[in-house]
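Asks: One structure coming up, written as structure tokens, with questions to follow.
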Amino acid sequence: MTPAADGFTYQDVGWTRAARGAPPRGYHVLRARTRLGHGQAVLEAAGGAVFGWDMHRAAGFAVPPGTPPAAPGVRVVIGVGLGRLRLRAPCRVVWTTREPDRLGFGYGTLPGHPERGEEAFLVERLSDGSVWLTVTALTRGGVWYTRAAGPLGRAVQRGLARAYGRALRRTVRRVAGGRG
């Protein structure tokens with residue numbers, strides 16, 4: 001864990017990589033797991049969809065065309081909502097992992113994001129061959145309306161984490177030829 005640097009809006013940059021121990025004071029932790037399927041084809045399809053932002057798009061978020069695949073330092077502005085009501089959520093990728101049975105990344109919030117913190121998307125193949133997505137978020141409100149939302153905001157965040165899982169499962173089934 002490191003202090004905020006490079007324009008991030010929070011301390012403890014990189015916390016989601018290990019996601020162990022108590023969260024920093026004032027932050028909430030969310031973990032949501034979704035079973036995606038079984039086997040190497042599912043792992044590869046899910047990893048590609050996570051790194052290529054397809055999971056975000058399938059979950060209903062706007063990601064600008066031409067955004068490079070997730071890699072440390074890549075900046076992305078996620079859009080939530082429609083038209084003039086669209087919220088912009090600028091983030092920068094903090095870390096990635098590309099291991100034989102683990103693929104994923106974490107990104108942190110930048111100025112202009114309605115939250116402060118970090119969110120990670122990790123696809124893992126377990127010893128039984130099952131493949132899972134784990135979404136881990138370390139967040140707190142960054143602007144008045146997200147602070148005022150309190151428990152309702154955290155419920156919305158849980159719903160969004162589940163939406164990522166459902167969207168990735170659909171994507172994997174399409175890409176991996178129904179082997180999900």
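The values are calculated or read from the model by the stated rules, or taken from the named source; none is laboratory data. A quick note: this is a predicted structure, and the numbers were derived from the prediction, not measured. Cβ sites come from the backbone with ideal geometry, for glycine too, and all protein chains shown count toward neighbours. Heavy atoms of the whole protein, side chains included, go into the accessibility calculation; ligands, DNA and RNA do not. Shrake-Rupley method; radii C 1.70, N 1.55, O 1.52, S 1.80 Å.
Asks: Out of the range 3-53, which residues are open to solvent by less than 30 Å² (accessible area, probe 1.4 Å) and among the polar types (S, T, N, Q)?
Replies: THR16, THR34
Asks: Here's another thing I want to ask about it. With ALA62, ALA19 as the choices, which residue is at pLDDT below 95, out of contact with any helix residue (DSSP H, G or I) (no Cβ under 9 Å at 6 or more places or on another chain) and among the aliphatic types (A, V, I, L, M)? Please lay out each step first, then the result.
Replies: Numbers: ALA62 fails: out of contact with any helix residue (DSSP H, G or I) (no Cβ under 9 Å at 6 or more places or on another chain).
The conditions single out ALA19.
Asks: So which of ARG88, ARG98 is more than 12 Å from the chain's Cα centre (by Cα), among the basic types (Lys, Arg) and under 20 Å from LEU160 (Cα atoms)?
Replies: Numbers: ARG98 fails: under 20 Å from LEU160 (Cα atoms).
So the residue among ARG88, ARG98 that is more than 12 Å from the chain's Cα centre (by Cα), among the basic types (Lys, Arg) and under 20 Å from LEU160 (Cα atoms) is ARG88.
Asks: Looking at the range 45-64 only, could you name the residues that are within 13 Å of the chain's Cα centre (by Cα), assigned to a loop (DSSP other than H, G, I, E, B) and small (Gly, Ala, Ser)?
Replies: Residues satisfying the conditions are GLY52, ALA59.
Asks: Could you identify the single residue in VAL131, VAL156, VAL172 that is of a type in the set (A, V, I, L, M), surrounded by fewer than 16 Cβ atoms within 10 Å (Cβ to Cβ) and in contact with a helix residue (DSSP H, G or I) (Cβ under 8 Å, 6 or more places away or on another chain)?
Replies: Numbers: VAL131 fails: surrounded by fewer than 16 Cβ atoms within 10 Å (Cβ to Cβ); VAL172 fails: surrounded by fewer than 16 Cβ atoms within 10 Å (Cβ to Cβ).
Testing whether each residue is of a type in the set (A, V, I, L, M), surrounded by fewer than 16 Cβ atoms within 10 Å (Cβ to Cβ) and in contact with a helix residue (DSSP H, G or I) (Cβ under 8 Å, 6 or more places away or on another chain) leaves just VAL156.
Residues are listed down the side, and each one gets a yes or a no for (1) at pLDDT 95 or above; (2) not basic (Lys, Arg):
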| site | (1), (2) |
| --- | --- |
| ASP128 | yes, yes |
| THR134 | yes, yes |
| GLY141 | no, yes |
| TRP144 | no, yes |
| ALA149 | no, yes |
| ARG158 | no, no |
| ARG162 | no, no |
| ARG174 | no, no |
| ARG179 | no, no |
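Asks: Now, a different point. Can you name the number of the only condition in (1) among the charged types (D, E, K, R); (2) open to solvent by 30 Å² or more (accessible area, probe 1.4 Å); (3) in contact with a strand residue (DSSP E or B) (Cβ under 7 Å, 6 or more places away or on another chain) that GLU118 fails?
Replies: In the conditions (1) among the charged types (D, E, K, R); (2) open to solvent by 30 Å² or more (accessible area, probe 1.4 Å); (3) in contact with a strand residue (DSSP E or B) (Cβ under 7 Å, 6 or more places away or on another chain), GLU118 misses (2) alone.
Asks: Can you find a residue that is part of a loop (DSSP other than H, G, I, E, B) and among the β-branched types (Val, Ile, Thr) anywhere in the range 6-27?
Replies: For the range 6-27, residues part of a loop (DSSP other than H, G, I, E, B) and among the β-branched types (Val, Ile, Thr): present.
Asks: So, of the residues in the range 113-140 that are among the charged types (D, E, K, R) and either under 18 Å from VAL76 (Cα atoms) or part of a loop (DSSP other than H, G, I, E, B) (or both), which turns out to be nearest to the chain's Cα centre (by Cα)?
Replies: Selected residue: GLU119.
Asks: Starting from the range 28-51, keep only residues that are farther than 18 Å from THR16 by Cα and touching a residue at least 60 places away in the same chain (Cβ under 8 Å), then list their pairs with residues that are of a type in the set (Lys, Arg) and assigned to a strand (DSSP E or B) whose Cβ atoms are within a distance under 7 Å, requiring at least 6 positions of separation or different chains.
Replies: So the pair list comes out as LEU43/ARG125.
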